[in-house]
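The values are calculated or read from the model by the stated rules, or taken from the named source; none is laboratory data. This is a predicted model, so every value here is computed, not measured. Heads up, the Cβs are rebuilt from the backbone with ideal geometry, glycines too, and the neighbour counts pull from every protein chain shown. Only protein heavy atoms, including side chains, enter the accessible area calculation; ligands, DNA and RNA are left aside. Shrake-Rupley method; radii C 1.70, N 1.55, O 1.52, S 1.80 Å.
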Amino acid sequence: MLVLFETPAGFALFKVLDEGKLDKVEDLWKEFTTSDSARKVVELKAFNKFENTSDALSAATFIIDSKPTKGLRKFLQKHCDGETLAVADSKLGNSIKEKLKIDCVHNSATMELMRGLRNQLTELISGLGTQDLGPMSLGLSHSLSRYKLKFSPEKVDTMIIQAIGLLDDLDKELNTYAMRVREWYGWHFPELTKIVADNIQYAKVVKMMGNRTNADDLDFSEILSDEEVEAQLKEAAVISMGTEVSELDLLNIRELCDQVLALSEYRAQLFDYLRSRMNTIAPNLTALVGELVGARLIAHGGSLVNLAKQPGSTIQILGAEKALFRALKTKHSTPKYGLIYHASLIGQAAPKHKGKISRSLAAKTALAIRYDALGDGEDNSIGLESRVKLETRLRILEGKELGRSAGSTKGKPKIEVYEKDRKKGAGALITPAKTYNPASDLVLGQSTEETPKKPEGASKKRKKSALQDAEDVAMQTEESVHVISSDSEVIFLGIFNEGTINLVFKIVELGGP
């Protein structure tokens with residue numbers, strides 16, 4: 001029985017001298033406590049040395065993928081004729097058995113044997129010292145780490161994350177520099193700020209013109225496409241209210257304009273680079289939400305693979321975490337969209353339909369991301385088909401009737417206002433409003449007769465009867481009755497109990513409390 005052992009220096013093939021000791025797995029480690037006892041169990045049969053670091057790196061990558069290299073196959077064919085081979089990886093053993101027809105073994109005894117060989121490796125292999133094995137192991141591990149970092153599928157989109165971060169920083173710097181140019185040159189020519197709205201065109205005009213007195217002698221047709229704007233600029237330069245500036249000031253302003261234009265050109269190059277990378281790595285996501293929104297989603301998720309693990313509901317509110325937790329804390333409505341709000345499909349929707357479209361777009365985006373991250377295809381067919389479906393749904397939402405039949409399962413029934421003047425039929429108009437007819441008014445005439453006065457005796461009798469009723473109530477409650485105020489028409493009676501008014505009667509001329 002032979003044992004295949006991988007080292008940083010090459011492949012070693014050991015011969016097992018006493019296979020009976022492999023049956024006692026628990027006591028096998030005792031055989032490798034010293035080098036002398038280890039030599040009684042195994043001995044070195046052959047050693048295949050690596051030529052250089054690249055050869056060692058290639059062999060290590062093949063072993064990680066459970067595949068034998070060409071040199072290892074030749075080495076095993078030469079020394080493993082009719083022998084059983086013990087390997088540390090079962091998948092590697094299956095690959096060797098399929099390609100070389102060599103029986104391979106992988107079990108607990110083999111792993112214990114590998115542990116013992118690793119412990120006495122420098123003693124069993126002559127010429128391989130500890131001082132040499134350490135640097136070789138460190139160098140190979142560094143090379144292998146760089147190789148895995150370079151070709152890791154999760155790290156390919158690192159360039160997208162860095163590019164979108166730099167693009168956002170450039171936008172902030174461009175806005176800061178452009179505002180500084182406007183504020184600085186505005187002391188000399190303040191009217192130019194309202195005439196030229198675009199920051200890049202403003203910087204080009206300032207760089208070309210310098211002093212505003214040179215505006216009449218210059219041709220701005222290459223910068224300003226509109227002739228009316230150019231004429232307005234030249235007219236404003238003559239009657240400008242700005243202050244005079246020196247040539248040294250204009251020189252520094254022009255240098256700042258050069259910085260703005262250089263940053264603008266680099267931003268355009270960076271955007272083209274980002275677009276090409278997005279179309280290569282995530283074509284379906286790009287077709288669905290665009291380059292910038294897709295890149296921001298990837299950057300916020302950490303990587304394309306991490307983003308593919310998220311459901312559509314998470315992608316929908318990705319970027320609005322603060323608003324989400326604030327809504328949950330205050331028990332208000334949660335946000336409907338995050339970074340996905342800047343997609344063109346949501347921008348086309350009406351405000352009342354943005355929530356529905358964002359939910360549908362997030363679901364389709366999740367499918368597109370998973371296909372880009374885990375699928376084998378490199379086309380954007382899924383993204384284009386999903387976009388067509390979402391555009392169709394948007395048209396349906398925009399064009400459908402708002403009213404629903406009463407008793408429908410979705411939503412509340414719409415209550416229609418009754419309008420008697422509305423004509424029946426589609427597209428009917430409301431009839432003109434009816435004019436006011438003053439002839440139909442009825443004016444009541446004023447009578448000249450005096451209203452007959454009621455006899456005073458009747459009112460006095462009512463007052464006396466009301467007083468009598470109040471006294472009866474007071475007798476039952478053992479309280480006193482007093483007249484608070486009275487006149488010819490109204491009497492206020494109060495029932496007192498120890499100086500406190502408990503009840504007040506108001507008796508009018510018609511009578512009754």
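Can you tell me the Rg and Dmax of segment 156-271, counting just the alpha carbons, in angstroms?
Gyration radius and largest Cα-Cα distance of segment 156-271: 16.1, 58 Å.
Which residues' amide hydrogens lie under 5 Å from the amide hydrogen of residue 104, considering only partners 5 or more residues apart or on another chain, with H built in the peptide plane?
Answer set, sorted by chain and number: 85.
On a C-alpha basis, how far is the centre of segment 224-277 from the centre of segment 85-116 in Å? Whole number, if you could?
71
Around residue 27, under 15 Å between beta carbons, what's the net of Lys plus Arg minus Asp minus Glu among the other residues?
After counting each charged neighbour, the total is -1.
Counting other C-beta atoms within 10 Å, and keeping those with at most 16, which DSSP coil GluC sites (Glu not before Pro) do you find in segment 239-312?
244
Within the accessible area of segment 2-149, what % is carbon and sulfur when the probe is 1.4 Å and the other protein chains stay in place?
Taking all protein chains in place, segment 2-149 shows 48 percent carbon and sulfur surface.
Accessible area of segment 282-401 with a 1.4 Å probe: how many percent of it is carbon plus sulfur?
So the carbon and sulfur contribution to the accessible surface is 54 percent.
At 0.36 nm per residue, and after removing the present C-alpha to C-alpha distance, how many nm does the segment from residue 271 to residue 350 gain when stretched out fully?
My answer for the length gained is 25.5 nm.
Starting from segment 69-126, pick out the trypsin sites (Lys or Arg not before Pro) whose DSSP state is loop and whose Cβ has at most 16 other Cβ atoms within 10 Å.
Within segment 69-126, the qualifying trypsin sites (Lys or Arg not before Pro) (loop, at most 16 other Cβ atoms within 10 Å) are 101.
Of the listed pairs 21/91; 24/74; 40/97; 99/309, which have alpha-carbon separations greater than 31 Å here? Write down the numbers at each step before the final one.
Working: 21/91 25 Å; 24/74 33 Å; 40/97 29 Å; 99/309 37 Å.
Correct reply: 24/74; 99/309.
Kindly report the accessible area of segment 2-149 per residue (heavy atoms of protein chains, probe 1.4 Å, no ligands, DNA or RNA), in Å². If you can, show how the numbers build up before the last one.
On the way: 8360 Å² over 148 residues.
Normalised by residue count, the accessible surface of segment 2-149 is 56 Å².
What number comes out for accessible area per residue over segment 282-401 if the probe is 1.4 Å? Units Å², please.
53
Give me the percent of accessible area attributable to carbon and sulfur for segment 156-271, probe 1.4 angstrom. Walk me through the numbers on the way to the answer.
On the way: 3550 of 6730 Å².
Percent of accessible area from carbon and sulfur atoms in segment 156-271: 53.
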